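Notes follow the structure.
The values are calculated or read from the model by the stated rules, or taken from the named source; none is laboratory data. These figures come from a predicted structure and were not determined experimentally. Reconstructed Cβ throughout: ideal geometry from the backbone, glycine too, with neighbour counts over all protein chains shown.
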């Protein structure tokens with residue numbers, strides 16, 4: 001591992017000024033991804049800004065929204081009363097991810113900023129446009145069973161110097177994308193807010209960038225506005241083993257129901273694209289309808305029309321379609 | 001600028017240190033030029049921690065109830081600090097990438113992967129390792145239960161399993177076999193002692209003894 005200087009700021013302002021002073025610096029939160037990246041030589045910051053002592057751990061409900069500090073631990077968020085009562089989908093997604101130990105270390109901000117688990121990204125001997133821009137994508141003609149089926153643009157099969165078919169690994173972000181979460185970001189210019197759907201990027205251009213965070217900016221909190229989804233939401237995760245594995249496919253479904261009909265619907269998919277994949281048309285397709293397996297099947301197949309398989313992951317198209325149906329059935333309580 | 005960590009300034013005698021090391025090295029090479037290669041390597045290998053020019057950082061933390069003050073390379077993980085500097089080799093290095101759970105310890109009461117945290121990040125923390133779990137010669141109830149239920153074969157994953165199992169019970173996640181399996185999924189056992197590990201944890205939970 002390359003040597004680095006260790007810095008420990010006490011305030012957000014101090015942390016931001018350190019990052020502005022040292023462009024080679026990186027923020028360190030829980031470490032569950034960054035320590036691995038540093039051990040493997042994929043990240044080699046010359047200064048490490050340990051932000052764990054900043055006052056950003058608070059989880060609170062105020063006015064019409066739930067605000068979760070960027071340093072709140074995944075395990076604390078998953079068992080917090082306000083999260084369980086108002087946004088149970090988020091708790092369900094968090095508990096579907098990682099292990100007891102990792103959830104005790106990983107923070108909300110770090111979860112947003114974790115890198116892909118594409119094996120070509122982690123293997124320094126192989127090409128990867130995300131790790132080494134312009135070197136090519138090893139997965140396109142390689143082992144791509146777990147890779148993306150939604151490319152949204154010309155990244156795939158277009159320009160080999162910039163293509164990337166890696167998927168975003170987070171469960172938490174899939175639930176938060178369905179819930180229209182806002183990310184609070186601080187930088188030298190002050191505070192700004194961005195919707196989570198606009199926080200992560202597609203791989204079409206510059207796959208080395210996972211997010212639209214500017215250099216030196218710090219995620220300080222996320223905010224979820226109150227909604228009426230708590231009674232009818234479900235997070236379904238499908239993976240190669242029963243627990244402790246990244247999603248092959250996951251579905252976050254959040255519905256509002258009244259009088260046996262669906263009045264509002266949100267959905268995001270995980271494991272299928274470079275960012276949590278929001279299914280935009282679902283609200284139009286379900287609004288005013290009574291839940292039925294036939295309806296859910298139509299809805300699922302509609303979105304999968306734009307999916308495109310690589311050599312090894314055609315199974316994911318059928319799997320995602322089935323997972324959407326199963327998640328909607330669970331959320332609406334029909335058998 | 002920093003809280004209560006002192007970065008050691010470059011020691012005034014750093015250059016002399018380098019020169020002394022160089023001389024020592026040269027003399028060793030001169031004296032041992034006929035020695036076998038392995039022996040040579042061992043003779044000149046640095047003996048005080050990781051190599052490199054990272055500025056050492058002072059660290060104070062509590063391990064198994066004892067306060068430790070150490071000056072370390074910030075690249076050192078908590079796992080390496082425990083094993084290499086403090087001689088607490090009960091905590092095991094399995095994958096070293098947070099995938100196997102062999103390095104599980106408790107930090108401020110929470111089960112944590114010691115391979116995925118730099119030791120400097122634990123400044124001020126209270127760490128408990130497998131060595132700190134038993135009361136002298138008296139084993140912890142979960143250690144006794146692991147023996148009774150044959151919860152291990154080769155034993156390499158066991159310290160991590162036990163630390164994780166104790167946390168699992170304390171967290172209130174040992175209500176059923178299915179729950180134990182889910183909440184212990186971060187600890188892999190290649191010998192496949194899983195059913196016995198689950199039995200051991202369930203028994204301790206059922207007995208209701210303080211863990």
Problem set entry | Test for residue B:167: is it in a helix (DSSP H, G or I), within 22 Å of residue B:115 (Cα to Cα) and in contact with a helix residue (DSSP H, G or I) (Cβ under 8 Å, 6 or more places away or on another chain) | yes
For this session: Can you work out which of the residues in region A:1-56 that are part of a loop (DSSP other than H, G, I, E, B) and touching a strand residue (DSSP E or B) at 6+ places or on another chain (Cβ under 6 Å) is nearest to the other protein chains (Cβ to nearest Cβ)?
Result: A:8
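Go through A:235, A:244 for me and flag whichever is surrounded by fewer than 21 Cβ atoms within 10 Å (Cβ to Cβ), at pLDDT 95 or above and under 30 Å from residue A:119 (Cβ atoms).
Values: A:235 fails: surrounded by fewer than 21 Cβ atoms within 10 Å (Cβ to Cβ).
Criteria check complete, one pass: A:244.
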Exercise. Among the residues of region B:147-161, is any in contact with a strand residue (DSSP E or B) (Cβ under 8 Å, 6 or more places away or on another chain), crowded, with 24+ Cβ neighbours inside 10 Å and at the interface with chain A (Cβ under 10 Å from one of its Cβ atoms)?
Worked result: yes
Problem set entry | Residues satisfying the stated conditions in region A:266-278, i.e. within 14 Å of residue A:176 (Cα to Cα) and buried (at least 22 other Cβ atoms within 10 Å of the Cβ) | A:266, A:267, A:268, A:269, A:270, A:275, A:276, A:277
Problem set entry | Hits in region B:93-109 - residues which are farther than 23 Å from residue A:37 by Cβ and either part of a loop (DSSP other than H, G, I, E, B) or facing another protein chain (nearest Cβ under 8 Å) (or both) | B:108, B:109
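Report, by residue number, each residue of region B:184-196 that is in a helix (DSSP H, G or I) and closer than 17 Å to residue B:99 by Cβ.
Filtering region B:184-196 for residues in a helix (DSSP H, G or I) gives B:194-196.
Of everything in region B:184-196, just one residue is in a helix (DSSP H, G or I) and closer than 17 Å to residue B:99 by Cβ, namely B:194.
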Seminar exercise, completed: Expected single match for free of Cβ contacts under 8 Å to residues at least 40 places away in the same chain and over 29 Å from residue A:212 (Cα atoms) among A:331, A:300, A:245, A:230 is A:300
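May I ask you to verify whether residue A:146 is in a loop (DSSP other than H, G, I, E, B), farther than 28 Å from residue B:179 by Cα and modelled with pLDDT of 95 or more?
Values: in a loop (DSSP other than H, G, I, E, B): yes; farther than 28 Å from residue B:179 by Cα: no; modelled with pLDDT of 95 or more: yes.
Answer is no for this residue.
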Problem set entry | Pair list, Cβ under 6 Å, 6 or more apart: region B:69-96 residue in contact (Cβ under 8 Å) with a residue 60 or more places away in the chain, other residue in a loop (DSSP other than H, G, I, E, B) | B:71/B:56; B:90/B:129; B:91/B:103; B:91/B:129; B:92/B:102; B:92/B:156; B:94/B:100; B:94/B:102
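More than 14 Å from every other protein chain (Cβ to nearest Cβ), in contact with a strand residue (DSSP E or B) (Cβ under 8 Å, 6 or more places away or on another chain), over 30 Å from residue A:120 (Cβ atoms) and crowded, with 20+ Cβ neighbours inside 10 Å: which single residue out of A:71, A:66 fits that description?
Of A:71, A:66, the one residue that is more than 14 Å from every other protein chain (Cβ to nearest Cβ), in contact with a strand residue (DSSP E or B) (Cβ under 8 Å, 6 or more places away or on another chain), over 30 Å from residue A:120 (Cβ atoms) and crowded, with 20+ Cβ neighbours inside 10 Å is A:66.
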For this session: For region A:77-135, please list each of the helices (runs of 4 or more DSSP H) lying entirely inside it that holds at least 2 residues being away from chain B (no Cβ under 13 Å).
Result: A:81-86, A:88-96, A:108-113, A:119-122
Exercise. crowded, with 22+ Cβ neighbours inside 10 Å and either under 18 Å from residue B:157 (Cβ atoms) or at the interface with chain A (Cβ under 10 Å from one of its Cβ atoms) (or both), is that true of residue B:81?
Worked result: no
Problem set entry | Which numbered condition residue B:136 fails, given (1) out of contact with any helix residue (DSSP H, G or I) (no Cβ under 6 Å at 6 or more places or on another chain); (2) at pLDDT 95 or above | (2)
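Just checking, how many residues over region A:222-278 are in a loop (DSSP other than H, G, I, E, B) and either over 17 Å from the mean Cα position of the chain (by Cα) or closer than 15 Å to residue A:328 by Cα (or both)? Working first, answer last.
Residues of region A:222-278 that are in a loop (DSSP other than H, G, I, E, B), as a first pass: A:226-231, A:239-248, A:259-260, A:271-276.
Cutting the leftovers down to either over 17 Å from the mean Cα position of the chain (by Cα) or closer than 15 Å to residue A:328 by Cα (or both) gives us A:226-231, A:240-243, A:259-260.
Summing the residues that are in a loop (DSSP other than H, G, I, E, B) and either over 17 Å from the mean Cα position of the chain (by Cα) or closer than 15 Å to residue A:328 by Cα (or both) in region A:222-278 gives 12.
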